[in-house]
1. Give, in whole angstrom and from largest to smallest, the semi-axes √(5λ) of the equivalent ellipsoid of region 180-259, with λ running over the eigenvalues of the Cα gyration tensor.
2. Given the Cα-Cα distance of Glu257 and Ala296 and 0.36 nm per residue of separation, how much length would full extension add, in nm?
3. Over the chain, what relative contact order in percent results from Cα pairs under 8 Å that are six or more residues apart?
4. State which helices in the chain qualify, where a helix is a whole DSSP H run, it must extend 15 Å or more along its own axis by its Cα atoms, and its mean Kyte-Doolittle hydropathy must be at least 0.0.
5. Enumerate the aspartates and glutamates that Lys5 could reach by cross-link, defined here as Cα to Cα under 12 Å, with residues fewer than 8 away along the same chain left out.
6. Roughly how many whole Å is it from the C-alpha centroid of region 116-140 to that of region 219-267?
7. With all distinct Cα pairs included, what does the Kirkwood hydrodynamic radius of region 115-268 come out to in Å, to one decimal, could you say?
8. Taking neighbour counts of Cβ atoms within 10 Å as a proxy for exposure, in what order, fewest first, do Leu127, Leu332 appear?
Amino acid sequence: MFKDKKVVFSGVQPSGDLTIGNYLGAIKNFKTFSEEYYCLYCVVNEHAITVRQNPAELRKRTYETLALYMACGLDPEKNTLFVQSHVPAHAELGWILDCYTMFGELSRMTQFKDKSAKNADNINAGLFTYPSLMAADILLYQTEMVPVGVDQKQHLELTRNIAERFNQVYGETFVVPEGYIPQTTAKIMSLSEPTKKMSKSDENENAVVRILDPKDVIIRKFKRAVTDSGSEIRRGEGKDGIMNLMSIYGAFTGKTEEEIEREFEGKGYGDFKMAVGEACADALAPVQAEFARLAADKAYLETVMEKGAEDASRLAARTMSKVRRKLGFVELGRK
Ligand code: ATP
Ligand code: LTN
């Protein structure tokens, strides 16, 4: 615990242009913790290189992801916004935790299996040990709460196991964190294959709606969204496409599923898709405008990065010193 407040930590990889899945599943919820918790939100660029990245693109997306955090309402005065590679303690603790994470545990991670299948020519050791680095991100700050989409649940459980294992051997060292997974938007589905997660690195552009897509593109993508052969806007078996659109519409309008079913009674899929597209584009318009303003000011983004890195490093140093002492690493210069 720092500054007498409980700590919240989360991260997004700068591995592509962010989607409404990232927004509704994660970033939108980040703000709700700002007042009561000490929040750290990180651009996890070290995680991103587990898949091959173009350096110029990675650099650009690092700035953009930070700008998007702010455009989504995260005030850098109230939240610690920073870039993972600016705080070397992440990599350092990541290595240490690798030695407390079992091969068998990592082998069971579904994200590793999925990404290995997608990147068969680059199944590197970093992709395999990715969850230990994620555990380091979280445990470094004595985090109590981690807001994420449901796809990260397995990684969070592993983080808890690693923390408990370490605490058991060395005595209380890490806070054991809880996940915060939203109810209706924990897994926004692909618009082309509604049984698959919407993912920012999907090669099919029609499957994903990006936070920065212009209004006409958003509307076109929703119009093309795959639905079933029925015609009613109702929840039910085999209606994955419609149910996905209902959760997106609900999230952007604040309406419940019952209200949505009532609103579209007697109407067809075409009307509904149009309404979802409009609601999504309207809700994202202010984020897009704010993003355009912030992204143009690289110097300002760098001052935010610097301050974030400084604050995060100070907090990380406390945990690292405790960890080194417990492990039996010789520390120099201690008075
Ligand atoms: P990639 O395609 O590169 O693996 P991703 O789209 O899965 O990326 P991440 O950077 O790995 O995005 O995730 C950032 C946050 O967004 C995480 O908390 C993750 O759980 C959440 N998230 C990602 N996709 C979705 C989705 N479709 N629905 C809800 N939450 C999501
Ligand atoms: N593994 C996450 C991104 C991530 C993260 C974290 C999320 C890296 N470190 C720490 C929460 C807390 C992903 O792939 N979505």
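Rule-based calculations on the coordinates, nothing more; no lab input. The structure presented is a predicted model; accordingly, all values stated were derived computationally and were not measured. Virtual Cβ from ideal backbone geometry, glycine too; neighbours counted across all protein chains shown.
1. For region 180-259, the ellipsoid semi-axes come out as 19, 15, 13 Å.
2. Computed gain between Glu257 and Ala296 is 10.1 nm.
3. Dividing the mean separation by the residue count of the chain yields 22 percent.
4. Membrane-span-like by this criterion, though nothing is claimed about a membrane: 125-139, 240-253, 269-295.
5. Partners found: Glu35, Glu36, Glu144.
6. 35
7. One decimal place: 18.3 Å for the Kirkwood radius.
8. Leu332, Leu127
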